[in-house]
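*Asks:* First, the structure itself, so that you have it in front of you.
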């Protein structure tokens, strides 16, 4: 296998795992919303943040109160899936880099849980929610929702790994 073929396999695997895991995360959030009435993240807010970021504003007092941006919902949803593919790419590279097979159910779920670092220390502070949602009325609840969403991403990675293993057997 030559270098270009390896890169294509890495990209293809990242796309499959990332989209699969993100889709599972979204299905899980619909289930949690219907059964427990827990509202998922509004991805239009991610699109709004990205729209403002393009104009130089990284941090907001409250992203909810920030001016809306054209196509923010579509941009937010697209970003959600791009981030999922990026996380899958990091997941695969991490497995190669530390010479340990993270490409297992436990490794995938642990990795998914670790990705909660991204909203805790980047998204939530930039959205005006503080580090790990510390400025929200119920920070523990927001933290738990974020953690559960990211664990579900890990479960989605695990299921996607299972499906790709079945496909290529």
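*Asks:* Scan segment 114-141 residue by residue and report those that are surrounded by 13 or more Cβ atoms within 10 Å (Cβ to Cβ), assigned to a helix (DSSP H, G or I) and out of contact with any helix residue (DSSP H, G or I) (no Cβ under 7 Å at 6 or more places or on another chain).
*Replies:* Residues satisfying the conditions are 114, 118, 123.
*Asks:* Here is a follow-up. Check residue 157 against each of (1) within 20 Å of residue 50 (Cβ to Cβ); (2) assigned to a helix (DSSP H, G or I) and name the one condition it does not meet.
*Replies:* (1)
*Asks:* Name every residue in segment 34-43 that is more than 13 Å from residue 127 (Cβ to Cβ) and either part of a loop (DSSP other than H, G, I, E, B) or under 18 Å from the mean Cα position of the chain (by Cα) (or both), in order of residue number.
*Replies:* Selection gives 37, 38, 39, 40.
*Asks:* Restricting to segment 44-64, name every residue that is in a loop (DSSP other than H, G, I, E, B) and either within 16 Å of the chain's Cα centre (by Cα) or in contact (Cβ under 8 Å) with a residue 12 or more places away in the chain (or both).
*Replies:* 58, 59, 60, 61, 62, 63, 64
*Asks:* Let me ask something additional. Being in contact with a helix residue (DSSP H, G or I) (Cβ under 7 Å, 6 or more places away or on another chain) and at pLDDT below 95 is the requirement here; does residue 75 meet it?
*Replies:* Spelling it out, it is not the case that residue 75 is in contact with a helix residue (DSSP H, G or I) (Cβ under 7 Å, 6 or more places away or on another chain) and at pLDDT below 95.
*Asks:* What's the number of the condition residue 106 fails, among (1) exposed (fewer than 12 other Cβ atoms within 10 Å of the Cβ); (2) in a helix (DSSP H, G or I); (3) modelled with pLDDT of 95 or more?
*Replies:* Among (1) exposed (fewer than 12 other Cβ atoms within 10 Å of the Cβ); (2) in a helix (DSSP H, G or I); (3) modelled with pLDDT of 95 or more, residue 106 violates only (3).
*Asks:* Does residue 17 satisfy the condition of being touching a helix residue (DSSP H, G or I) at 6+ places or on another chain (Cβ under 6 Å), at pLDDT below 95 and buried (at least 19 other Cβ atoms within 10 Å of the Cβ)?
*Replies:* It is false that residue 17 is touching a helix residue (DSSP H, G or I) at 6+ places or on another chain (Cβ under 6 Å), at pLDDT below 95 and buried (at least 19 other Cβ atoms within 10 Å of the Cβ).
*Asks:* State all residues of segment 50-72 that are under 17 Å from residue 40 (Cβ atoms) and surrounded by 17 or more Cβ atoms within 10 Å (Cβ to Cβ); if no residue qualifies, say none.
*Replies:* 63, 72
*Asks:* Another one. Return the only residue of 153, 111, 89 being surrounded by fewer than 20 Cβ atoms within 10 Å (Cβ to Cβ), touching a helix residue (DSSP H, G or I) at 6+ places or on another chain (Cβ under 7 Å), in contact (Cβ under 8 Å) with a residue 12 or more places away in the chain and closer than 19 Å to residue 11 by Cα.
*Replies:* After applying the criteria, what remains is 89.
The values are calculated or read from the model by the stated rules, or taken from the named source; none is laboratory data. Since the structure is predicted, the reported quantities are computational estimates derived from the model, not experimental observations. Ideal geometry is used to build each Cβ from the backbone, glycine not excepted, and the neighbour counts take in all protein chains shown.
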